[in-house]
1. Taking region 39-61 as the region of interest, how many residues are β-branched (Val, Ile, Thr) and over 12 Å from Leu73 (Cα atoms)?
2. Give Leu22, Leu53, Leu69, Leu18 a once-over and let me know the one that is under 17 Å from Ala82 (Cα atoms) and either in a helix (DSSP H, G or I) or out of contact with any strand residue (DSSP E or B) (no Cβ under 9 Å at 6 or more places or on another chain) (or both).
3. How many residues does region 1-44 hold that are hydroxyl-bearing (Ser, Thr, Tyr) and surrounded by 13 or more Cβ atoms within 10 Å (Cβ to Cβ)?
4. Would you check which residues across region 26-40 are of a type outside the set (Gly, Ala, Ser), in a helix (DSSP H, G or I) and under 14 Å from Val83 (Cα atoms) and list them?
5. Does Leu69 fit the bill of being buried (at least 16 other Cβ atoms within 10 Å of the Cβ), in contact (Cβ under 8 Å) with a residue 40 or more places away in the chain and in contact with a Phe, Trp or Tyr (Cβ under 9 Å, 6 or more places away or on another chain)?
6. Six or more apart or on different chains, Cβ under 6 Å: which pairs go from a residue in region 10-23 that's closer than 13 Å to Ser72 by Cα to one that's in a helix (DSSP H, G or I) and among the hydroxyl-bearing types (Ser, Thr, Tyr)? Could you list them?
Amino acid sequence: MVERIDDYERDDGDLGKLVRDLRGLFVEADPHDSVLRSDFEECWSPIDAEHELRTEPWAPAGASNDEKLSRSLNAFRSWVLAVLLADPSDEHD
């Protein structure tokens, strides 16, 4: 997940693809811990919301915020790294 964020930021990538990739990687991991699932949603939702503000016809012009997106991406990255540090196994793809 961190690699996907890094790729997005480095290449000024497609935010929609990033949102889908992060969700897909999480679903693929199939975590059963309800706290982990809730924490993912809490960190992922602001990124998804920023994507919607940039692409949905109902979103008011200028409603998206690059600084807020940057903070959301940093928060998500920090969450992923904390999860990885808390789990010493090497089963993280």
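We did not get these values from a lab; they are worked out from the coordinates using the rules stated. Note that the structure is a prediction, hence the values are computed from the model and not measured. No Cβ is skipped: glycine too gets one built from the backbone with ideal geometry, and neighbour counts run over all protein chains shown.
1. Of the residues in region 39-61, 1 are β-branched (Val, Ile, Thr) and over 12 Å from Leu73 (Cα atoms).
2. Result: Leu22 is the single residue among Leu22, Leu53, Leu69, Leu18 that is under 17 Å from Ala82 (Cα atoms) and either in a helix (DSSP H, G or I) or out of contact with any strand residue (DSSP E or B) (no Cβ under 9 Å at 6 or more places or on another chain) (or both).
3. Of the residues in region 1-44, 1 are hydroxyl-bearing (Ser, Thr, Tyr) and surrounded by 13 or more Cβ atoms within 10 Å (Cβ to Cβ).
4. Of everything in region 26-40, those that are of a type outside the set (Gly, Ala, Ser), in a helix (DSSP H, G or I) and under 14 Å from Val83 (Cα atoms) turn out to be Phe26, Val35, Leu36, Arg37, Asp39, Phe40.
5. no
6. Within 6 Å, the pairs are Leu18/Tyr8.
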